[in-house]
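Participant: I have a structure here, written as structure tokens, and I will follow up with some questions on it.
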Amino acid sequence: MKPLLYSFRRCPFAIRARLAITISGVAVDTQEVSLRAKPKEMLECSPKGTVPVLKLANGRVLEQSLDIMHWALSQNDPERWLDNDHVVATEMMSLIQSNDEWFKPKLDLYKYAVRFPEHSESYYRKQTEPFLGDLDVRLSSDGYLLAGRYTLADMAIFPFIRQFSNVNPEWFSASPYRHLIQWLDRLIRSSLFHSVMQKAGG
């Protein structure tokens, strides 16, 4: 019996979980979830009702995307996304935490600016730019966020930068964050990303 991943194709949290599972080569069954009609089985094992959720063969349930990424890579990490160097690993997790706890809430305000008329879309976008600028500087030397290669940080953050770029593609492509644009384009064009974005049965 294979682990079962409850996923939603466009959710950035689910995308990063699928990236790690796919690169690890661990076999899982994936069930695409309708966010308007969440399956009873998923809600029974994870009442929070958000994806991704991974139900392991032994019945254990992983409800957080980073836990799923670490689980998959602990089975097999052929591209060394995890790092044994304590300094690199600590910086990697700090950067991901900044994405999840600082950047993501601001991204939501920018993406759904019409729901928050207190400020303009451009105002909300401006709030995100310190994080974008930091990533751009990190990428300026060798095209990677850390360690001179793709790590968990690149793959955990990439889906959120993709979501950000899709809010206003014209602004993003004309923005000064040239290294970030190139990094995002390279990841979007990768065979790994294409494989995790295939529709069920596609």
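Participant: If you go through the stretch 33-55 one residue at a time, do you hit one that is surrounded by fewer than 21 Cβ atoms within 10 Å (Cβ to Cβ), among the β-branched types (Val, Ile, Thr) and at pLDDT 95 or above?
Facilitator: The answer is no, given that none of the residues of the stretch 33-55 is surrounded by fewer than 21 Cβ atoms within 10 Å (Cβ to Cβ), among the β-branched types (Val, Ile, Thr) and at pLDDT 95 or above.
Participant: Checking residue 61 against (1) touching a helix residue (DSSP H, G or I) at 6+ places or on another chain (Cβ under 7 Å); (2) exposed (fewer than 14 other Cβ atoms within 10 Å of the Cβ); (3) not assigned by TED's automatic domain parsing to the domain that holds residue 178, only one condition comes out false. Which one?
Facilitator: (2)
Participant: Being without any contact (Cβ under 8 Å) to a residue 60 or more places away in the chain and farther than 17 Å from residue 199 by Cβ is the filter; apply it to the stretch 21-32 and report the residue that is surrounded by the fewest Cβ atoms within 10 Å (Cβ to Cβ).
Facilitator: Checking each candidate, the answer is 27.
Participant: Still on this structure: With the stretch 88-202 as the region, which helices (runs of 4 or more DSSP H) entirely inside it contain at least 2 residues that are farther than 23 Å from residue 22 by Cβ, not assigned by TED's automatic domain parsing to the domain that holds residue 74 and not aromatic (Phe, Trp, Tyr)?
Facilitator: Values: elements: 104-111, 121-139, 152-167, 169-174, 178-188, 191-196.
Of the helices (runs of 4 or more DSSP H) lying wholly inside the stretch 88-202, those with at least 2 residues that are farther than 23 Å from residue 22 by Cβ, not assigned by TED's automatic domain parsing to the domain that holds residue 74 and not aromatic (Phe, Trp, Tyr) span 104-111, 121-139, 169-174, 178-188.
The values are calculated or read from the model by the stated rules, or taken from the named source; none is laboratory data. Keep in mind that this is a model prediction, so the values were computed, not measured. Glycine also receives a Cβ, built like all others from the backbone with ideal geometry; neighbour counts cover every protein chain displayed.
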